[in-house]
Amino acid sequence: MKRVIISILLSMFLFACDSSDIPVYYAKPDSPLIPLAEGNRWEYKVVSNYSGEIDTFSSVIELSGSYNWNGYTWFTYAHDFWDLANLENGVYYRYTQPPIPDPAQLVYKYPTYKGEEYEGMVVCDTKRTIKIDIGIFETVVYRSKITKDEKNYHQDYVCPGIGIIKRERFNHDENGEYKLVRNEELVGFKLN
């Protein structure tokens, strides 16, 4: 009888600690796709397998400053030369390392719809729910277009109002199949 009672108590404890305790983040359609403000920070766990050896490390995107260019506010990363801005049709980036900075390029069109194609990208879904260690997120899924000459592609999951939740990179292997070679998952974030 003691074993039955202990089993029941243990089952109740395990049930009480299920995944329903993790937060759920719904897309905020009236917010910018990626909220850009000085001090905003996203931290990712990165698992890379480009060479056949698995490498795990952290990556941080922290917006450390801002400036005005062509009438828009651009935000700088703390450790990189990629600057970001929210324009009327989505998130743009520009590479600003001298000697010649790149012009602005649309990276994530938003608002958007499933199947929309633009600048080498395709929108796979606009309401895909994904679960990672820190929560459940409603995301827009962007994938680079795959052509017969492409040897790799990437797929990004972005939660409107929060930012990039997950990034996957795939390379063409010797058998003609695409395999996951890099996975980045959000492990923490701070938004101002």
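A few comments on the model shown:
- When residues of segment 8-52 are limited to those that are of a type in the set (S, T, N, Q) and over 30 Å from PHE75 (Cα atoms), the one modelled with the highest pLDDT: ASN49
- Test result for LYS131, of a type in the set (Lys, Arg), surrounded by fewer than 16 Cβ atoms within 10 Å (Cβ to Cβ) and touching a helix residue (DSSP H, G or I) at 6+ places or on another chain (Cβ under 8 Å): yes
- Meeting the requirement of 1 or more residues that are basic (Lys, Arg), the strands (runs of 3 or more DSSP E) wholly within segment 41-99 are 41-48, 90-95.
- Assessment of segment 56-68 against the conditions (under 21 Å from ASN192 (Cα atoms), touching a His at 6+ places or on another chain (Cβ under 8 Å) and modelled with pLDDT under 95) yields at least one matching residue.
The values are calculated or read from the model by the stated rules, or taken from the named source; none is laboratory data. Quick caveat, the model's predicted, so the values are computed rather than measured. Because the Cβ atoms are built from the backbone with ideal geometry, glycine has one as well, and the counts that use them run over all protein chains shown.
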